[in-house]
Amino acid sequence: NAGVTQTPKFQVLKTGQSMTLQCAQDMNHNSMYWYRQDPGMGLRLIYYSASEGTTDKGEVPNGYNVSRLNKREFSLRLESAAPSQTSVYFCASSEAGGLETQYFGPGTRLLVL
Amino acid sequence: AQTVTQSQPEMSVQEAETVTLSCTYDTSESDYYLFWYKQPPSRQMILVIRQEAYKQQNATENRFSVNFQKAAKSFSLKISDSQLGDAAMYFCAYRSVANTGNQFYFGTGTSLTVIP
């Protein structure tokens, strides 16, 4: 049981390049999330998916797109990377109902030059 | 949107001593969940403790306990018998029960140093 996995762990991009961050969970959770973490700002929600087939914008969605490929996988795409997107990105998942504790992946450190 | 405030960017504690981390939140809702997460240098986010707002009893998990003051909208974390492994960034988080969007709101974190 790996929990929440993310790939890659680290990536360097040039401004204007595109890339997709992958996330998968093996806990049969309905909900999945993408956050970015910047110094002094805590975690901010980019997009989330309450259930398979649905996605919604969070607090900071501009410049990102997401795909809920199936119940297990939730990817985050940067179509044209900008230096302001340099950050650490976390994927998380949670069950529907109950306390809905979020379980986090190990993070992806992204540097946009 | 709800806001979560952690007013202590940094805290330190002597090993084996007790430390309390503060968290306040702003909401008009009556039912919600509150969480404390720990983020060590590995960056992995780890759940420390959680509290349901409708429960008056404060949650405890071994050396970790909370002081939940609903009227004051305060949710502090107490770490007893601090250990070197407790050194980490700690985040307070809020989740609405009624919010069908499943959004969590996080504070900006408190960096805890444990002094040997």
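Annotations for the structure displayed:
- Counting only residues at least eight positions apart within a chain, or on another chain, the lysines with an alpha carbon under 28 Å from that of B:Lys73 are A:Lys57, B:Lys38, B:Lys55.
- Here the 3J(HN,Hα) profile of the stretch B:86-94, calculated from phi with Karplus coefficients 6.51, -1.76 and 1.60 at θ = phi - 60°, is 7, 4, 4, 8, 10, 10, 8, 9, 10 Hz, Gly and Pro shown as x.
- Each part reduced to its alpha carbon centroid, the stretch B:10-31 and the stretch A:49-104 end up 27 Å apart.
- Comparing mean-square fluctuations of B:Lys73, B:Lys55, B:Lys38 from a GNM of chain B with C-alpha springs under 10 Å, the top value falls on B:Lys55.
- Surrounding net charge for A:Gln37, when Lys and Arg each add one and Asp and Glu each subtract one, Cβ distance under 12 Å: +3
- Counting only other chain Cβ atoms within 10 Å of each residue's Cβ, the peptide A:40-46 averages 5.
- For A:Gly3, distant residues with modelled amide H under 5 Å away: A:Asp26
- Share antiparallel - DSSP beta bridges, the protein assembly as shown, percent rounded to 5: 90 percent
- Averaged over the residues of B:33-43, the number of partner chain Cβ atoms lying within 10 Å of the residue Cβ comes to 3.
- Residues whose placed amide H lies under 5 Å from that of B:Ser12, excluding near-sequence neighbours: B:Thr113
- Backbone phi angles across the stretch B:21-26, fed through the Karplus curve with coefficients 6.51, -1.76 and 1.60 (θ = phi - 60°), yield HN-Hα couplings of 9, 9, 8, 10, 9, 10 Hz in residue order; Gly and Pro are listed as x.
- Electrostatic bookkeeping for A:Tyr89 treats Lys and Arg as +1 and Asp and Glu as -1; over the other residues with beta carbon under 10 Å from its beta carbon, the sum is +2.
Only the coordinates and a few stated rules stand behind these numbers; no lab work does. This structure is a prediction, so every number in the text was calculated from the model and none was measured. In this analysis, Cβ positions are derived from the backbone assuming ideal geometry, glycine residues included, and neighbour counts consider all displayed protein chains.
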